[in-house]
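Visitor: This is the structure, below, for whatever I ask next.
Rule-based calculations on the coordinates, nothing more; no lab input. Quick caveat: nothing in here was measured; it's all calculated off a predicted structure. FYI the Cβ positions are ideal-geometry reconstructions off the backbone, even for glycines, and counts take in every protein chain you see.
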């Protein structure tokens, strides 16, 4: 699915003393199969933008087009496009309500009118995608699971719809480091298998670095940077200017450069940092 955001403006509480402009003339294109990260400080408009992409909000001005169809319209064509966009809000497990894991994940496919065999196949596949064994979890009560397991069940419910676009708003919020790492790995596997578009909203830039190929920065409701992940996330000065902390790898290399090491500062993970330091220990005699 091709997503085109055209001059999008959104205003909350319009015409009241609490009026607030959340988006200001945003323009953005996301092609089929892209992996895009959206970041920015609190209040920058990230969640508002992705809710528009999912067709949940009506613009004050401009529009979002899903394969050329305005996402917010209340027409059969627009509804068909919106059904191809899956959005997981932050803490999606709070929306779980069914009595078993199977019924929770099957809820969406069942309301698509699919047959029992297809529903069962989708539930099994979606649970496997998020790393939960079907036979072990299908009949368990969701509310008796750990927080991380509930998060996976909630995301599996979206994957079972087999969306063309998956939007995840802070998907690792509240998870421990191991849970974050495993969930991100599962999402990479899902995207590689399906070729679907993945849009990740996160302020954890190190997590974004390992999952997306393109990064978009928002500040004050506007796009202030858009480009390859390595280029955007290694620019510590620009990140700090909009109120974000660079990924730890970038911050460490910046500190080494400030101390006189002639290192590059565009490494985004610990393996690249180690390789860069090792190179200069060998060639320059540092350490």
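Visitor: Given a Förster radius of 25 Å and the C-beta distance between residue 58 and residue 111 as r, what FRET efficiency does 1/(1 + (r/R0)^6) yield to the nearest 0.05?
Guide: Rounded to the nearest 0.05, the efficiency is 0.55.
Visitor: Then there is this: Scale the Cα Rg of the range 83-230 by the rule-of-thumb value 2.2 N^0.38 Å and send over the ratio, two decimals.
Guide: 1.06
Visitor: If you don't mind, another one. Could you work out which residue, out of 273, 165, 223, moves most in a Gaussian network model of the chain, that is, has the largest mean-square fluctuation with Cα springs under 10 Å?
Guide: Fluctuation is largest for 273.
Visitor: Sticking with this structure for a sec: Anyone know which of 219, 259, 121 comes out most mobile in the 10 Å Cα GNM of the chain?
Guide: The residue that fluctuates most here is 259.
Visitor: Modelled label-to-label distance, residue 222 and residue 185, 7 Å Cα→beta-carbon offset: nm?
Guide: Roughly 4.2 nm, to one decimal.
Visitor: Which residue, 154, 196, 13, has the most motion in a Gaussian network model of the chain that connects Cα atoms within less than 10 Å?
Guide: For the chain, modelled as a Gaussian network with Cα springs under 10 Å, the answer is 13.
Visitor: Is the C-alpha gyration tensor of the range 28-77 telling us rounded, prolate or oblate? Criteria: a/c under 1.5 is rounded; beyond that, a/b larger than b/c is prolate, otherwise oblate.
Guide: Since a/c reaches 1.5 but b/c is at least a/b, the shape of the range 28-77 is classed as oblate.
Visitor: Label residue 133 and residue 79 with points 7 Å out from Cα along Cα→Cβ: what is the distance between them in nm?
Guide: Roughly 4.2 nm, to one decimal.
Visitor: Specify the angular offset, from 0 to 90 degrees and rounded to the nearest 10, of the alpha carbon long axis of helix 116-129 from the longest principal axis of the alpha carbons in the chain.
Guide: 20 degrees
Visitor: Once a ≥ b ≥ c are taken as the square roots of the eigenvalues of the Cα gyration tensor of the range 166-270, is the result rounded (a/c under 1.5), prolate (a/b larger than b/c) or oblate (a/b not larger than b/c)?
Guide: Judged from the Cα gyration tensor, the range 166-270 comes out prolate (a/c at least 1.5, a/b above b/c).
Visitor: Report the percentage of all Cα-Cα pairs in the range 225-268 whose separation exceeds 13 Å, rounded to a whole percent.
Guide: Distances greater than 13 Å cover 49 percent of the Cα pairs.
Visitor: Tell me, what does the Kirkwood hydrodynamic radius of the range 1-93 come to in angstroms if you use every pair of distinct C-alpha atoms?
Guide: 13.9 Å
Visitor: Would you mind calculating the relative contact order of the chain from Cα pairs under 8 angstrom and at least 6 residues apart, reporting the percent as a whole number?
Guide: 21 percent
Visitor: Here's a follow-up. Using the alpha-carbon atoms, what tilt in degrees (0 to 90, nearest 10) does helix 147-159 show relative to the longest principal axis of the chain?
Guide: Tilt of helix 147-159: around 60 degrees.
Visitor: If I fit a long axis through the Cα atoms of helix 101-111 and take the longest principal axis of the Cα atoms of the chain, what angle between them do I get, 0 to 90°, rounded to 10?
Guide: 70 degrees
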